[in-house]
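Nothing in this text is a laboratory measurement; each read-out follows from the coordinates by a stated rule. Since the structure is predicted, the reported quantities are computational estimates derived from the model, not experimental observations. Using ideal geometry, Cβ is built from the backbone for each residue, glycine included, and neighbour counts are taken over all protein chains shown.
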């Protein structure tokens with residue numbers, strides 16, 4: 001497999017009202033995949049999840065949709081922290097979504113035959129990577 005075969009045509013754009021059901025479905029699917037379900041008290045039961053466009057239309061807030069071939073495959077945003085204590089602000093829903101997306105990316109690479117390695121093989125220029133993977137060709 002060549003490097004170009006691994007490239008995905010991803011598009012990132014601001015959220016629109018039409019994205020609400022698609023991003024809510026994606027967030028709930030990813031959350032369920034990792035056991036983060038409503039019955040366990042996770043925020044996927046929050047009705048605001050069904051209207052992220054309105055939620056992130058507030059001042060100092062933004063949400064971006066990630067599309068692949070016209071399908072919503074993810075998203076992330078920043079919202080002004082109004083209901084969280086100062087200690088909890090860095091651990092936002094956006095951060096958790098990003099972690100979920102990264103976990104899915106790792107699963108994708110594993111499905112393509114990549115394996116986790118302890119350190120970079122030689123001087124790759126990726127010395128700060130926290131998670132390294134390699135595929136033997």
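The length gained on full extension between residue 135 and residue 13, counted as 0.36 nm times the residue separation minus their Cα-Cα distance, comes to 40.7 nm.
What FRET efficiency do you get for residue 32 and residue 60 if R0 is 30 Å and r is their Cβ-Cβ distance, rounded to the nearest 0.05? Don't jump to the answer; show the numbers that get you there.
On the way: r = 31 Å, r/R0 = 1.02.
The value I calculate is 0.45.
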